[in-house]
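The values are calculated or read from the model by the stated rules, or taken from the named source; none is laboratory data. Quick caveat: nothing in here was measured; it's all calculated off a predicted structure. For neighbour counting, all protein chains shown are included, and Cβ atoms are generated from backbone atoms with ideal geometry for every residue, glycine included.
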Amino acid sequence: MLAEGFRLSEPVAIPPVQVPEPVEEDFQQKEIFSLLKEATDLRRQQQRLEMQISQAQDANASLQSSWSALSRVSTTLAFGSGPSPKKEGDAAWPEDRLEKGEADVSTAAPLEGSEVLITSQLTLAREAHEAALRLCEAEAAVSTLQADSEALEKQSRQIEEEVQEMAGPLKELEALREEGSRRAERLEALKSREEATLQALAELSTKRLALQEAAGKLQEELQETSAKELPQVAKRRREADLEAQRAQQAHAEAKNRWKTEVQMCQSALQAEEKQLARLLARKESTALAAGEGQQACSVLSRSLADVRQEHARLLSWKQDIAEGRPPIPRTDRPFGFALDLSSAAGRLHNVSYFDAEKAEELKSWLEAIEGWIAAAAWQAGDVVCVTEPFMTDSEDQVKLEPDMTGILVKLDEHDDAFLEFDAFDARQWVFQKNRQKLKRLVDSDAKDVFLDIVPQNDIIMHWALRVVGTKASRCYEFEADGVIMGKRTALDKGLPISSQKLEGRTTKTHREISQWCTQFGADHSYDAAGNNIFGGKNCQDFAVELCTYMGIDKEQLPFRQAEQVKTVLGAGAFVAADAALGTGLVAAGTGLVAGALDLGIGVAGAAAGAAMSPGVLAAAAAVGVGYASGVITPESIPTFGFESEKPVQSPEATEQSSS
C-alpha cells in the first residue's frame with residue numbers, strides 16, 4: 001500500500017543538450033541561451049530526485065516483503081492453539097509427560113488386555129512429545145518475529161516520515177517539470193521565430209539586391225533620357241521665351257487700347273458731368289417748386305383759418321339744434337358736403353356739414369381730407385406696438401405680449417394685417433377683429449444705417465442696407481427677384497457677414513423707405529453688371545441710391561474703386577474686373593427671396609359719407625395737407641396734432657361696427 005501510494009514514474013535518461021554560446025549582439029540568442037541553461041539545471045535536479053525516489057522505493061519494497069511475512073506468521077498463530085504459559089521447570093515438561101504416558105499405558109495394559117492399544121498410545125505419546133517440541137520452537141520463533149516486527153514497524157514509521165518529508169520536494173519537482181515543459185515550449189517558439197526572422201532577413205537581402213539592380217538600371221535609363229531630353233527641354237525653353245516676348249508685345253498693345261478706352265471714358269465722364277449739371281438745374285427747379293409749395297402752404301393756412309371760423313359756426317349751429325331753435329339757411333354759400341366720421345373714431349362719430357360759396361373751394365378741403373386719410377391709414381412699413389396680450393390669427397399661432405413692436409408688411413383687401421415681429425422668425429397675421437389691440441407708433445426718430453456685405457462665395461459680395469431705429473430695424477436689399485425687405489438679409493450663405501456703420505443718421509420713416517423701395521423695384525430690373533450698362537441695376541446701385549434718398553453720404557460707400565474700373569474698362573471687361581476686385585457687382589440672384597411685398601397704399605375716397613380712419617380729428621380740424629402732398633405735416637398746423645392712439649370704442653359702437 002505504501003509503495004503504491006508513493007510510486008513515481010521510472011527515471012528517464014535525458015541526453016545532454018548542446019548549449020550554444022551567447023551572442024552579445026543578438027538579444028534573442030541570449031534569451032535562448034539562458035533558457036537552455038535553466039532547462040539543463042532542471043533536468044539534473046530531476047535526475048537526482050528520481051534516484052533518491054528509486055532508493056526509497058527499494059527500501060519500501062524490502063520493508064513490504066518483511067511485513068507480509070510477519071503478517072502470515074501472525075495469521076498462522078491466530079488460527080492455531082495458543083502456547084501454554086511456561087512455568088519454572090517447563091523445559092522438561094514434554095519428557096515428563098511422555099514418561100507418565102508410558103507408565104499409564106504399562107499400568108493400563110493388563111487391564112485392557114490389548115497390545116495394539118498400548119502401541120498406539122505410545123505412538124501418540126511420542127507424537128505429542130514431538131508436537132510439544134515443535135510448539136516450543138514456534139514460540140521462540142514468534143518471540144523473535146515479534147521483535148523483528150517491532151523493528152520493522154519502527155523502520156516503517158521512519159520511512160513514512162521520510163516519505164512525508166519527500167512530498168514537498170516531489171511537488172516542487174512536478175512544478176519544475178511543468179515549468180520546464182513551458183520553457184521548452186517557449187524555446188521552441190523562439191526557435192521557430194528565429195527561423196522565420198532568418199528567413200525574412202534572407203528575403204530582404206534578396207529584395208535589396210534586386211532593388212539595387214533595378215536602381216542601377218534606372219540610373220542608366222536616366223542618363224540615357226537626359227542625353228535625349230535635354231536638347232528638347234532647351235528648345236521648349238526658347239519657345240517659351242519667344243511666347244513671353246509675344247505676350248509683352250500683346251501687353252503693350254493692350255496698354256495702348258486701355259489708354260484709348262481711358263480717353264473714351266473721360267469723354268463719357270464729361271457727358272455725365274453735363275448730366276449732373278442738368279440734374280442741378282432740375283434741383284433748382286425743384287427748389288422753385290418748393291417755394292411755390294410754401295406759398296400754397298400759406299394759402300392753405302388762410303383756408304384753415306376760414307375753416308376754423310366755419311367750425312365755430314357749425315358748433316353754434318349744432319348748439320341751436322340741440323336747444324330746439326331751427327337753423328337759418330344761408331343762400332350765399334350754396335355748395336357743401338356732409339362728412340360722416342367712422343364710429344371707430346370714438347367721440348368723433350358726429351355728422352358734419354361743409355359749405356362754400358363756390359365749388360372750387362371744396363376741392364382744397366377734399367384734397368386735405370384725402371391726404372389726412374392716407375396719412376392716418378395703416379400702410380406697409382408702419383411701426384406698431386401691442387397694447388394687450390392676444391393670440392395671432394396665423395396657422396401657427398403665437399402669443400403677442402404688451403410692448404412688443406413690429407412692422408406692418410402688408411394690409412390685404414379685408415384690412416387684415418401681415419406683421420413682422422423681432423421676437424418671432426415667422427411673420428404673423430392679425431385680422432381686423434384684433435386690430436384694436438395694436439397701436440401705430442410715430443416713427444420719426446433718427447435712425448442709424450449699416451452696410452452689410454454678405455459673401456455669396458469667395459468672390460461675389462452682396463450688399464444690403466440695414467436701418468436701425470429705437471423702435472424697429474429693417475434690412476433693405478435688391479437682387480434678381482426684386483426688392484426684399486425683412487428683419488435680416490435673405491441671401492445669407494452662412495459665410496461671415498461684415499457690417500459697416502455709415503456716418504450720419506436718417507429721419508426717414510420705415511413707411512417712406514418701404515414706399516421708395518417699392519417704387520425702385522417697379523422702375524428698375526435687376527442686372528448683375530449694374531449702372532444700367534445692360535439695362536438694369538444691381539445691389540450696389542440700389543444701396544447708393546437708397547443712401548442718397550435717406551440723406552446718407554454715399555462717398556463713404558466702398559463703390560468708388562469698382563466705379564472707376566467700370567469707367568476705365570467699359571462694359572466688355574467689367575465682369576473680369578469685378579472678379580478681380582471682389583466688389584460683388586455681378587452678384588446674380590439665387591432665388592432665395594421670400595417674395596416681394598405687396599405695399600399698395602390704400603387711400604379712402606373723400607366725398608359725402610366718406611369714413612375716416614382712427615386718428616383723424618374733428619371735422620373742421622381735419623382740413624389740411626396730409627403726408628401724401630409732402631408740403632404740410634399735421635405737426636406744422638398749430639393746435640392740431642396727430643392722434644396715434646386709437647380711442648377705446650364703446651360697446652354700442654363695437655356692435656355697430658361688427659354688424
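The figures follow:
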item: Options Leu204, Leu198, Leu211: the member that is assigned to a helix (DSSP H, G or I), within 19 Å of Lys30 (Cβ to Cβ) and modelled with pLDDT of 85 or more; result: Leu198
item: Count of region 541-557 residues which are among the polar types (S, T, N, Q) and at pLDDT 90 or above; result: 1
item: Residue among Lys191, Lys228 that is exposed (fewer than 10 other Cβ atoms within 10 Å of the Cβ) and at pLDDT below 90; result: Lys228
item: Pairs, first touching a residue at least 12 places away in the same chain (Cβ under 8 Å) in region 259-273, second surrounded by 11 or more Cβ atoms within 10 Å (Cβ to Cβ) and not polar (S, T, N, Q), C-beta under 8 Å, six or more apart; result: Glu261/Val568; Glu261/Leu569; Glu261/Gly570; Val262/Val568; Met264/Gly570; Cys265/Val568; Cys265/Gly570
item: Some residue of region 150-162 being hydroxyl-bearing (Ser, Thr, Tyr), more than 30 Å from Ile32 (Cα to Cα) and touching a Phe, Trp or Tyr at 6+ places or on another chain (Cβ under 9 Å); result: yes
item: Only listed residue being loosely packed, with under 14 Cβ neighbours inside 10 Å and in contact (Cβ under 8 Å) with a residue 24 or more places away in the chain, chosen from Glu388, Glu395; result: Glu388
item: Matching strands (runs of 3 or more DSSP E) fully within region 364-454 where at least 3 residues are more than 30 Å from Gly293 (Cβ to Cβ) and not hydroxyl-bearing (Ser, Thr, Tyr); result: 383-386, 405-411, 417-421, 428-430
item: Checklist (1) at pLDDT 90 or above; (2) of a type in the set (A, V, I, L, M); (3) in a helix (DSSP H, G or I) applied to Ala562, failing item; result: (1)
item: Criterion: modelled with pLDDT of 85 or more, charged (D, E, K, R) and in a helix (DSSP H, G or I) - qualifying residue of Arg278, Arg257; result: Arg257
item: Test result for Arg157, assigned to a helix (DSSP H, G or I), among the basic types (Lys, Arg), assigned by TED's automatic domain parsing to the domain that holds Leu35 and at pLDDT below 90; result: yes
